[in-house]
1. Using helices alone, I'd like the mean residue ellipticity at 222 nm for the chain: each DSSP H run of four-plus residues gives -39500 (n - 2.57), total over residue count, nearest 500.
2. What is the ratio of the Cα radius of gyration of the stretch 10-98 to 2.2 N^0.38 Å, where N is its residue count, to two decimals?
3. Can you pull out the trypsin sites (Lys or Arg not before Pro) in the stretch 1-102 that DSSP calls coil and that have at most 13 other Cβ atoms within 10 Å?
4. Under 20 Å from the 7 Å Cα→Cβ point of MET137, by amide nitrogen: which residues of the stretch 72-88?
5. How big is the chain by the Kirkwood estimate over distinct Cα pairs, in Å?
6. What relative contact order, as a whole-number percentage, does the chain give when Cα pairs under 8 Å and 6 or more residues apart are counted?
7. Name all residues of the stretch 261-284 having a backbone nitrogen under 19 Å from the label point set 7 Å from the Cα of VAL367 along its Cα→Cβ direction, giving them as ranges.
8. Whole number in Å², please: accessible area per residue of the chain, 1.4 Å probe, ligands, DNA and RNA not counted.
Amino acid sequence: MPAIVIVGAQWGDEGKGKATDLLGERVDYVVKPNGGNNAGHTVVVGGEKFELKLLPAGILSPQVTPVIGNGVVVNLPALFEEIETLASRGVATDRLRISANAHVVAPYHQTLDKVTERFLGKRAIGTTGRGIGPAYMDKAGRLGIRVQDLFDASILRQKVEGALRQKNELLVKLYNRRAVEIDEITDGLLQYAERLRPHVVDTTLLLNDALDRGEVVLMEGGQATFLDVDHGTYPFVTSSNPTAGGACTGSGIGPTRIDRSIGIVKAYTTRVGAGPFPTELEDEWGEHLQRVGHEVGVNTGRPRRCGWYDSLMIRHAVRINGFTDLVLTKLDVLTGIPELPICVGYDVDGVRHDTMPMTQTEFHHAVPVYETLPGWSEDISGARRLEDLPTNARRYVERLEELAGCRISAVGVGPDRADTITVHDLLPESR
Ligand code: GDP
Ligand code: IMO
Ligand code: MG
(Lines give C-alpha, C1' and ligand atoms only; values in the text may rest on other atoms or scores of the structure.)
(Ligands and ions follow the chains in the order given, each with its own letter.)
Protein backbone atom coordinates (compact mmCIF):
# COMPACT_ATOMS: atom_id res chain seq x y z
CA MET A 1 0.00 0.00 0.00
CA PRO A 2 1.24 3.34 -1.03
CA ALA A 3 2.84 6.42 0.25
CA ILE A 4 1.99 9.51 -1.79
CA VAL A 5 3.94 12.74 -1.83
CA ILE A 6 2.64 16.22 -2.58
CA VAL A 7 5.22 18.83 -3.60
CA GLY A 8 4.94 22.47 -4.65
CA ALA A 9 6.32 22.84 -8.18
CA GLN A 10 7.06 26.59 -8.12
CA TRP A 11 7.89 29.05 -5.31
CA GLY A 12 5.17 28.00 -2.88
CA ASP A 13 1.50 28.81 -2.35
CA GLU A 14 0.41 26.65 -5.28
CA GLY A 15 -2.51 25.23 -3.30
CA LYS A 16 -0.86 22.24 -1.62
CA GLY A 17 -3.17 22.56 1.38
CA LYS A 18 -6.22 22.30 -0.82
CA ALA A 19 -4.78 19.29 -2.65
CA THR A 20 -4.12 17.47 0.64
CA ASP A 21 -7.57 18.34 1.84
CA LEU A 22 -9.07 16.93 -1.36
CA LEU A 23 -7.44 13.57 -0.71
CA GLY A 24 -8.00 13.81 3.02
CA GLU A 25 -11.16 11.76 3.05
CA ARG A 26 -9.34 8.79 1.57
CA VAL A 27 -5.98 8.70 3.32
CA ASP A 28 -5.11 7.49 6.80
CA TYR A 29 -2.03 9.56 7.67
CA VAL A 30 -0.83 12.98 6.53
CA VAL A 31 2.76 13.80 7.44
CA LYS A 32 4.49 17.15 7.11
CA PRO A 33 8.12 16.29 6.31
CA ASN A 34 9.84 19.70 6.16
CA GLY A 35 9.66 23.37 7.05
CA GLY A 36 7.88 24.91 9.99
CA ASN A 37 5.56 27.81 10.60
CA ASN A 38 7.00 29.60 7.59
CA ALA A 39 4.31 27.78 5.58
CA GLY A 40 0.77 29.03 5.19
CA HIS A 41 -1.99 26.94 3.70
CA THR A 42 -5.52 28.19 3.20
CA VAL A 43 -8.15 25.49 2.94
CA VAL A 44 -11.80 26.25 2.26
CA VAL A 45 -14.33 23.59 3.20
CA GLY A 46 -17.99 24.28 2.44
CA GLY A 47 -17.32 28.02 2.47
CA GLU A 48 -15.48 27.87 5.82
CA LYS A 49 -11.87 29.06 5.69
CA PHE A 50 -9.00 27.50 7.68
CA GLU A 51 -5.44 28.80 7.80
CA LEU A 52 -2.72 26.30 8.67
CA LYS A 53 0.94 27.00 9.26
CA LEU A 54 2.73 24.35 11.24
CA LEU A 55 0.06 21.67 11.13
CA PRO A 56 -0.47 19.51 8.05
CA ALA A 57 -3.73 20.27 6.21
CA GLY A 58 -4.78 16.65 6.84
CA ILE A 59 -5.77 17.67 10.38
CA LEU A 60 -9.06 18.93 8.93
CA SER A 61 -10.15 15.39 7.99
CA PRO A 62 -11.48 13.59 11.08
CA GLN A 63 -10.24 10.11 10.15
CA VAL A 64 -6.70 11.23 9.31
CA THR A 65 -3.85 10.97 11.80
CA PRO A 66 -1.80 14.14 11.23
CA VAL A 67 1.94 13.82 11.82
CA ILE A 68 4.75 16.35 12.21
CA GLY A 69 7.75 14.52 10.81
CA ASN A 70 11.37 14.45 11.94
CA GLY A 71 12.35 16.93 9.21
CA VAL A 72 10.18 19.73 10.60
CA VAL A 73 11.35 22.56 12.85
CA VAL A 74 8.72 23.21 15.52
CA ASN A 75 7.99 26.53 17.16
CA LEU A 76 6.20 25.42 20.33
CA PRO A 77 4.18 28.56 21.14
CA ALA A 78 3.07 28.70 17.49
CA LEU A 79 2.15 25.00 17.59
CA PHE A 80 -0.09 25.30 20.64
CA GLU A 81 -1.62 28.54 19.41
CA GLU A 82 -2.60 26.78 16.18
CA ILE A 83 -3.91 23.76 18.06
CA GLU A 84 -6.06 26.03 20.26
CA THR A 85 -7.43 27.99 17.33
CA LEU A 86 -8.45 24.81 15.53
CA ALA A 87 -9.89 23.26 18.70
CA SER A 88 -12.01 26.38 19.28
CA ARG A 89 -13.50 25.80 15.83
CA GLY A 90 -14.37 22.21 16.57
CA VAL A 91 -11.39 20.51 14.87
CA ALA A 92 -10.11 17.59 16.96
CA THR A 93 -6.36 17.86 17.46
CA ASP A 94 -5.62 15.10 19.98
CA ARG A 95 -4.70 12.72 17.13
CA LEU A 96 -1.69 14.84 16.24
CA ARG A 97 1.60 12.93 16.42
CA ILE A 98 4.98 14.65 16.57
CA SER A 99 8.38 13.13 15.89
CA ALA A 100 10.72 12.98 18.87
CA ASN A 101 13.51 13.84 16.40
CA ALA A 102 11.94 17.03 15.08
CA HIS A 103 13.93 20.13 15.99
CA VAL A 104 12.70 23.04 18.03
CA VAL A 105 12.74 26.66 16.90
CA ALA A 106 13.98 28.58 19.94
CA PRO A 107 13.42 32.31 20.51
CA TYR A 108 17.08 33.02 19.65
CA HIS A 109 16.53 31.49 16.19
CA GLN A 110 13.84 34.05 15.52
CA THR A 111 16.07 36.87 16.76
CA LEU A 112 18.93 35.65 14.59
CA ASP A 113 16.66 35.37 11.53
CA LYS A 114 15.66 39.01 11.88
CA VAL A 115 19.11 40.43 12.64
CA THR A 116 20.73 38.40 9.84
CA GLU A 117 18.23 39.78 7.34
CA ARG A 118 18.98 43.31 8.52
CA PHE A 119 22.70 42.60 8.32
CA LEU A 120 22.34 41.40 4.72
CA GLY A 121 20.79 44.74 3.72
CA LYS A 122 20.22 44.81 -0.04
CA ARG A 123 21.04 41.11 -0.25
CA ALA A 124 18.32 40.10 2.23
CA ILE A 125 16.38 36.91 1.38
CA GLY A 126 13.01 38.24 2.49
CA THR A 127 12.49 35.36 4.92
CA THR A 128 9.30 34.92 6.88
CA GLY A 129 11.25 35.91 10.02
CA ARG A 130 10.16 32.76 11.82
CA GLY A 131 13.67 31.54 12.69
CA ILE A 132 13.54 28.69 10.17
CA GLY A 133 16.99 29.22 8.61
CA PRO A 134 18.83 29.54 11.96
CA ALA A 135 17.02 26.45 13.34
CA TYR A 136 18.13 24.35 10.34
CA MET A 137 21.63 25.83 10.63
CA ASP A 138 21.81 24.52 14.19
CA LYS A 139 20.46 21.14 13.10
CA ALA A 140 23.19 20.80 10.46
CA GLY A 141 25.73 22.35 12.84
CA ARG A 142 24.82 19.80 15.55
CA LEU A 143 23.80 22.50 17.98
CA GLY A 144 20.07 21.95 17.64
CA ILE A 145 17.49 21.18 20.31
CA ARG A 146 15.15 18.28 19.55
CA VAL A 147 11.63 17.64 20.78
CA GLN A 148 12.88 14.65 22.82
CA ASP A 149 15.33 16.89 24.71
CA LEU A 150 12.36 18.48 26.46
CA PHE A 151 11.85 15.20 28.33
CA ASP A 152 15.32 15.28 29.89
CA ALA A 153 15.82 18.58 31.69
CA SER A 154 19.51 18.06 32.34
CA ILE A 155 20.30 17.19 28.72
CA LEU A 156 18.19 20.12 27.58
CA ARG A 157 20.17 22.48 29.80
CA GLN A 158 23.48 21.16 28.50
CA LYS A 159 22.38 21.56 24.91
CA VAL A 160 20.99 25.05 25.42
CA GLU A 161 24.21 26.02 27.16
CA GLY A 162 26.24 24.72 24.22
CA ALA A 163 24.11 26.56 21.71
CA LEU A 164 24.10 29.81 23.66
CA ARG A 165 27.85 29.86 24.07
CA GLN A 166 28.01 30.42 20.33
CA LYS A 167 24.77 32.43 19.84
CA ASN A 168 25.59 34.95 22.54
CA GLU A 169 28.95 35.71 20.93
CA LEU A 170 27.14 36.37 17.68
CA LEU A 171 24.29 38.34 19.21
CA VAL A 172 26.45 40.55 21.40
CA LYS A 173 29.63 41.01 19.38
CA LEU A 174 28.37 40.96 15.82
CA TYR A 175 24.77 42.09 16.04
CA ASN A 176 24.91 44.35 19.07
CA ARG A 177 22.02 42.61 20.84
CA ARG A 178 21.63 41.52 24.43
CA ALA A 179 22.85 38.08 25.52
CA VAL A 180 20.24 35.38 26.09
CA GLU A 181 20.02 33.66 29.50
CA ILE A 182 20.12 29.86 29.72
CA ASP A 183 17.29 29.75 32.28
CA GLU A 184 15.05 31.92 30.14
CA ILE A 185 15.37 29.44 27.25
CA THR A 186 15.22 26.17 29.19
CA ASP A 187 12.29 27.29 31.37
CA GLY A 188 10.52 28.61 28.29
CA LEU A 189 10.88 25.27 26.50
CA LEU A 190 10.18 23.07 29.52
CA GLN A 191 6.80 24.66 30.13
CA TYR A 192 5.59 22.85 26.98
CA ALA A 193 6.97 19.41 27.88
CA GLU A 194 3.88 17.96 29.52
CA ARG A 195 1.48 19.27 26.86
CA LEU A 196 3.76 17.89 24.19
CA ARG A 197 4.28 14.45 25.74
CA PRO A 198 1.03 12.72 24.68
CA HIS A 199 1.67 13.71 21.05
CA VAL A 200 5.30 12.60 20.78
CA VAL A 201 6.07 9.17 19.31
CA ASP A 202 8.53 7.42 17.02
CA THR A 203 6.78 8.66 13.88
CA THR A 204 8.93 6.66 11.44
CA LEU A 205 7.77 3.46 13.15
CA LEU A 206 4.18 4.70 13.23
CA LEU A 207 4.16 5.54 9.51
CA ASN A 208 5.99 2.42 8.32
CA ASP A 209 3.72 0.19 10.42
CA ALA A 210 0.73 1.93 8.87
CA LEU A 211 2.10 1.23 5.38
CA ASP A 212 2.71 -2.42 6.36
CA ARG A 213 -0.95 -2.67 7.41
CA GLY A 214 -2.02 -1.39 4.00
CA GLU A 215 -2.94 2.12 5.06
CA VAL A 216 -2.30 5.18 2.89
CA VAL A 217 0.24 7.78 3.99
CA LEU A 218 0.31 11.18 2.34
CA MET A 219 3.43 13.31 2.70
CA GLU A 220 2.49 16.97 2.42
CA GLY A 221 5.58 18.97 1.54
CA GLY A 222 5.79 22.56 2.73
CA GLN A 223 7.35 25.30 0.57
CA ALA A 224 8.28 24.22 -2.95
CA THR A 225 10.82 22.96 -5.48
CA PHE A 226 12.40 26.34 -6.26
CA LEU A 227 12.71 27.14 -2.54
CA ASP A 228 14.66 23.90 -1.99
CA VAL A 229 18.10 24.56 -0.50
CA ASP A 230 19.68 22.22 -3.11
CA HIS A 231 17.45 22.63 -6.14
CA GLY A 232 16.02 26.11 -5.70
CA THR A 233 17.19 29.58 -6.64
CA TYR A 234 19.92 29.60 -4.00
CA PRO A 235 20.49 31.68 -1.89
CA PHE A 236 16.88 32.88 -2.26
CA VAL A 237 15.50 29.66 -0.82
CA THR A 238 14.34 28.19 2.45
CA SER A 239 16.69 26.00 4.50
CA SER A 240 15.03 22.60 4.02
CA ASN A 241 14.49 20.17 1.13
CA PRO A 242 10.83 20.58 0.08
CA THR A 243 11.31 18.24 -2.91
CA ALA A 244 10.13 14.61 -3.10
CA GLY A 245 13.45 13.17 -1.92
CA GLY A 246 13.37 15.47 1.08
CA ALA A 247 9.94 14.11 1.97
CA CYS A 248 11.50 10.64 2.40
CA THR A 249 14.23 11.99 4.67
CA GLY A 250 11.83 14.21 6.57
CA SER A 251 9.40 11.42 7.37
CA GLY A 252 11.55 8.27 7.44
CA ILE A 253 9.66 6.61 4.59
CA GLY A 254 11.86 4.88 2.03
CA PRO A 255 11.64 5.91 -1.64
CA THR A 256 10.53 2.42 -2.72
CA ARG A 257 7.28 2.88 -0.80
CA ILE A 258 6.18 5.92 -2.80
CA ASP A 259 3.57 5.23 -5.45
CA ARG A 260 2.68 8.72 -6.53
CA SER A 261 4.61 11.95 -6.60
CA ILE A 262 2.14 14.76 -7.16
CA GLY A 263 3.25 18.24 -8.19
CA ILE A 264 1.02 21.18 -7.38
CA VAL A 265 1.26 23.87 -10.05
CA LYS A 266 -0.42 27.24 -10.20
CA ALA A 267 -1.77 28.24 -13.64
CA TYR A 268 0.55 31.28 -13.42
CA THR A 269 3.57 31.98 -11.20
CA THR A 270 3.95 33.71 -7.83
CA ARG A 271 6.77 34.29 -5.40
CA VAL A 272 7.06 35.86 -1.93
CA GLY A 273 10.39 37.29 -0.84
CA ALA A 274 13.44 38.22 -2.91
CA GLY A 275 15.18 36.40 -5.75
CA PRO A 276 15.09 36.02 -9.53
CA PHE A 277 11.74 35.56 -11.29
CA PRO A 278 12.02 35.70 -15.10
CA THR A 279 8.29 35.91 -15.93
CA GLU A 280 7.48 38.46 -13.20
CA LEU A 281 5.04 41.16 -14.32
CA GLU A 282 5.58 44.64 -13.01
CA ASP A 283 2.67 46.05 -14.98
CA GLU A 284 -1.12 46.07 -14.72
CA TRP A 285 -1.31 42.33 -15.51
CA GLY A 286 0.84 41.60 -12.48
CA GLU A 287 -1.51 43.69 -10.37
CA HIS A 288 -4.48 41.97 -12.01
CA LEU A 289 -3.21 38.48 -11.07
CA GLN A 290 -2.38 39.70 -7.57
CA ARG A 291 -5.87 41.15 -7.07
CA VAL A 292 -7.99 38.48 -8.77
CA GLY A 293 -5.91 35.62 -7.33
CA HIS A 294 -5.88 37.22 -3.82
CA GLU A 295 -2.12 36.75 -3.88
CA VAL A 296 -1.25 37.84 -0.36
CA GLY A 297 0.90 35.60 1.88
CA VAL A 298 -1.09 33.77 4.58
CA ASN A 299 1.89 33.85 6.89
CA THR A 300 3.27 37.35 6.70
CA GLY A 301 0.57 39.28 4.84
CA ARG A 302 3.07 40.28 2.15
CA PRO A 303 1.73 40.71 -1.40
CA ARG A 304 3.01 37.91 -3.66
CA ARG A 305 4.92 38.87 -6.79
CA CYS A 306 3.02 37.58 -9.85
CA GLY A 307 3.94 36.55 -13.38
CA TRP A 308 3.02 34.33 -16.31
CA TYR A 309 3.34 30.55 -16.34
CA ASP A 310 6.91 29.31 -16.79
CA SER A 311 7.03 25.89 -18.46
CA LEU A 312 10.82 25.50 -18.06
CA MET A 313 10.48 25.64 -14.30
CA ILE A 314 7.72 23.06 -14.30
CA ARG A 315 9.63 20.66 -16.55
CA HIS A 316 12.58 20.99 -14.20
CA ALA A 317 10.31 20.30 -11.21
CA VAL A 318 8.89 17.21 -12.95
CA ARG A 319 12.44 15.95 -13.37
CA ILE A 320 13.66 16.68 -9.82
CA ASN A 321 10.60 15.22 -8.13
CA GLY A 322 9.78 12.38 -10.54
CA PHE A 323 6.19 13.64 -10.68
CA THR A 324 3.62 11.07 -11.78
CA ASP A 325 0.77 13.61 -11.73
CA LEU A 326 0.22 17.34 -11.66
CA VAL A 327 -2.60 19.26 -10.03
CA LEU A 328 -3.13 22.56 -11.83
CA THR A 329 -4.63 25.19 -9.53
CA LYS A 330 -6.27 28.60 -9.90
CA LEU A 331 -7.18 28.25 -13.57
CA ASP A 332 -10.25 30.38 -12.77
CA VAL A 333 -7.98 33.35 -11.95
CA LEU A 334 -7.02 33.56 -15.66
CA THR A 335 -10.64 34.00 -16.78
CA GLY A 336 -11.11 37.29 -18.62
CA ILE A 337 -7.49 37.79 -19.67
CA PRO A 338 -7.65 38.08 -23.50
CA GLU A 339 -4.26 36.55 -24.26
CA LEU A 340 -2.21 34.18 -22.11
CA PRO A 341 1.55 34.16 -22.58
CA ILE A 342 3.34 30.94 -21.59
CA CYS A 343 7.10 31.03 -21.15
CA VAL A 344 8.59 28.32 -23.41
CA GLY A 345 12.25 29.36 -23.40
CA TYR A 346 14.75 31.86 -22.03
CA ASP A 347 16.97 34.22 -23.91
CA VAL A 348 20.15 34.56 -21.87
CA ASP A 349 22.46 37.21 -23.35
CA GLY A 350 21.44 36.17 -26.86
CA VAL A 351 21.55 32.41 -26.24
CA ARG A 352 18.28 30.44 -26.30
CA HIS A 353 17.69 28.02 -23.40
CA ASP A 354 15.03 25.30 -23.40
CA THR A 355 15.94 24.02 -19.94
CA MET A 356 16.76 25.77 -16.68
CA PRO A 357 20.18 27.41 -17.10
CA MET A 358 23.04 25.81 -15.20
CA THR A 359 24.09 28.92 -13.28
CA GLN A 360 22.28 31.41 -11.13
CA THR A 361 23.85 34.30 -13.07
CA GLU A 362 22.25 33.01 -16.26
CA PHE A 363 18.90 32.60 -14.50
CA HIS A 364 19.13 36.21 -13.29
CA HIS A 365 19.68 37.31 -16.90
CA ALA A 366 16.95 35.09 -18.37
CA VAL A 367 14.46 36.95 -20.55
CA PRO A 368 11.36 34.85 -21.17
CA VAL A 369 10.43 33.73 -24.69
CA TYR A 370 6.65 33.55 -24.86
CA GLU A 371 4.12 31.64 -26.86
CA THR A 372 0.65 33.16 -26.57
CA LEU A 373 -2.66 31.32 -26.36
CA PRO A 374 -6.09 32.93 -26.62
CA GLY A 375 -7.95 33.37 -23.33
CA TRP A 376 -11.60 32.83 -22.37
CA SER A 377 -14.20 34.97 -20.66
CA GLU A 378 -16.78 32.41 -19.49
CA ASP A 379 -17.06 31.69 -15.76
CA ILE A 380 -15.42 28.27 -15.25
CA SER A 381 -15.95 27.90 -11.49
CA GLY A 382 -18.79 25.42 -11.99
CA ALA A 383 -16.77 23.11 -14.28
CA ARG A 384 -16.35 19.59 -12.90
CA ARG A 385 -15.13 17.81 -16.04
CA LEU A 386 -12.63 18.97 -18.65
CA GLU A 387 -15.49 18.94 -21.17
CA ASP A 388 -17.23 21.65 -19.12
CA LEU A 389 -14.40 24.10 -19.85
CA PRO A 390 -14.53 26.56 -22.77
CA THR A 391 -12.36 25.41 -25.70
CA ASN A 392 -9.61 27.95 -25.02
CA ALA A 393 -9.33 26.97 -21.35
CA ARG A 394 -9.02 23.34 -22.38
CA ARG A 395 -6.37 24.24 -24.92
CA TYR A 396 -4.42 26.07 -22.21
CA VAL A 397 -4.54 23.04 -19.91
CA GLU A 398 -3.58 20.67 -22.75
CA ARG A 399 -0.66 22.86 -23.77
CA LEU A 400 0.65 23.03 -20.19
CA GLU A 401 0.40 19.25 -19.94
CA GLU A 402 2.31 18.82 -23.19
CA LEU A 403 5.04 21.25 -22.10
CA ALA A 404 5.36 19.66 -18.66
CA GLY A 405 5.69 16.12 -19.99
CA CYS A 406 3.47 14.92 -17.14
CA ARG A 407 -0.25 14.32 -16.97
CA ILE A 408 -2.52 16.89 -15.32
CA SER A 409 -4.80 14.86 -13.11
CA ALA A 410 -6.85 17.60 -11.49
CA VAL A 411 -7.63 21.23 -12.20
CA GLY A 412 -8.66 23.79 -9.58
CA VAL A 413 -11.40 26.21 -10.63
CA GLY A 414 -12.02 27.88 -7.26
CA PRO A 415 -10.80 27.82 -3.65
CA ASP A 416 -13.39 25.44 -2.21
CA ARG A 417 -12.75 21.71 -1.84
CA ALA A 418 -15.62 21.18 -4.30
CA ASP A 419 -14.23 23.50 -6.99
CA THR A 420 -12.14 20.86 -8.72
CA ILE A 421 -12.09 19.00 -12.02
CA THR A 422 -10.81 15.46 -11.55
CA VAL A 423 -9.27 13.96 -14.67
CA HIS A 424 -7.42 10.97 -13.21
CA ASP A 425 -7.81 9.61 -9.71
CA LEU A 426 -4.86 10.75 -7.61
CA LEU A 427 -4.95 7.63 -5.47
CA PRO A 428 -3.99 4.20 -6.73
CA GLU A 429 -6.94 2.17 -8.05
CA SER A 430 -7.40 0.11 -4.92
CA ARG A 431 -8.57 3.07 -2.81
P1 GDP B 1 -0.15 26.31 -0.23
O2 GDP B 1 0.80 27.02 0.66
O3 GDP B 1 0.49 25.64 -1.38
O4 GDP B 1 -1.07 25.39 0.52
O5 GDP B 1 -1.08 27.43 -0.87
P6 GDP B 1 -1.75 28.68 -0.12
O7 GDP B 1 -2.90 28.21 0.67
O8 GDP B 1 -0.71 29.51 0.56
O9 GDP B 1 -2.21 29.57 -1.35
C10 GDP B 1 -3.13 29.09 -2.29
C11 GDP B 1 -4.39 29.99 -2.27
O12 GDP B 1 -5.17 29.72 -3.40
C13 GDP B 1 -5.29 29.72 -1.08
O14 GDP B 1 -5.89 30.94 -0.69
C15 GDP B 1 -6.34 28.77 -1.63
O16 GDP B 1 -7.59 28.87 -0.96
C17 GDP B 1 -6.46 29.26 -3.04
N18 GDP B 1 -6.77 28.24 -4.05
C19 GDP B 1 -6.32 26.94 -4.12
N20 GDP B 1 -6.76 26.38 -5.26
C21 GDP B 1 -7.49 27.32 -5.90
C22 GDP B 1 -8.18 27.35 -7.16
O23 GDP B 1 -8.20 26.39 -7.93
N24 GDP B 1 -8.80 28.55 -7.50
C25 GDP B 1 -8.77 29.64 -6.68
N26 GDP B 1 -9.40 30.75 -7.10
N27 GDP B 1 -8.13 29.64 -5.51
C28 GDP B 1 -7.49 28.50 -5.13
P1 IMO C 1 4.05 27.35 1.62
O2 IMO C 1 4.20 26.02 2.28
C3 IMO C 1 5.97 30.82 -0.17
C4 IMO C 1 9.97 31.86 1.24
C5 IMO C 1 10.10 33.19 1.97
C6 IMO C 1 11.52 33.56 1.58
C7 IMO C 1 12.24 32.21 1.57
C8 IMO C 1 13.01 31.90 2.85
O9 IMO C 1 2.90 28.15 2.12
O10 IMO C 1 4.10 27.25 0.14
P11 IMO C 1 12.25 31.19 5.29
O12 IMO C 1 11.40 31.92 6.30
O13 IMO C 1 11.72 29.86 4.92
O14 IMO C 1 13.69 31.14 5.67
O15 IMO C 1 12.18 32.12 3.98
O16 IMO C 1 11.24 31.22 1.37
N17 IMO C 1 8.95 30.93 1.78
C18 IMO C 1 7.75 30.72 1.23
N19 IMO C 1 7.18 31.28 0.15
N20 IMO C 1 5.33 29.84 0.47
C21 IMO C 1 5.90 29.23 1.54
O22 IMO C 1 5.34 28.17 2.14
C23 IMO C 1 7.16 29.69 1.98
N24 IMO C 1 7.99 29.35 2.98
C25 IMO C 1 9.09 30.10 2.85
O26 IMO C 1 9.16 34.12 1.54
O27 IMO C 1 11.53 34.06 0.26
MG1 MG D 1 1.21 28.93 1.35
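1. On the way: 13 runs with 133 residues, N = 431.
My calculation for the chain gives -9000 deg cm²/dmol from helical runs alone.
2. Working it through for the stretch 10-98, the quotient is 0.98.
3. On the way: sites: LYS16, LYS18, ARG26, LYS49, LYS53, ARG89, ARG95, ARG97; in loops: ARG26, LYS53, ARG89, ARG95.
When the trypsin sites (Lys or Arg not before Pro) of the stretch 1-102 are filtered for loop state and at most 13 Cβ neighbours within 10 Å, ARG89 remain.
4. It comes to 72-76, nothing else.
5. Details: mean 1/r = 0.0451 Å⁻¹.
For the chain, inverting the mean 1/r across all distinct Cα pairs yields 22.2 Å.
6. With pairs under 8 Å counted, the relative contact order is 20 percent.
7. Only 276-283 fall inside the zone, counting backbone N under 19 Å.
8. Solvent-accessible surface per residue comes out at 41 Å².
The values are calculated or read from the model by the stated rules, or taken from the named source; none is laboratory data. Predicted model only: the values in this text are computed from it and were never measured. Virtual Cβ from ideal backbone geometry, glycine too; neighbours counted across all protein chains shown. Just the protein is used for accessible areas: all its heavy atoms, side chains included, with ligands, DNA and RNA removed. Shrake-Rupley method; radii C 1.70, N 1.55, O 1.52, S 1.80 Å.
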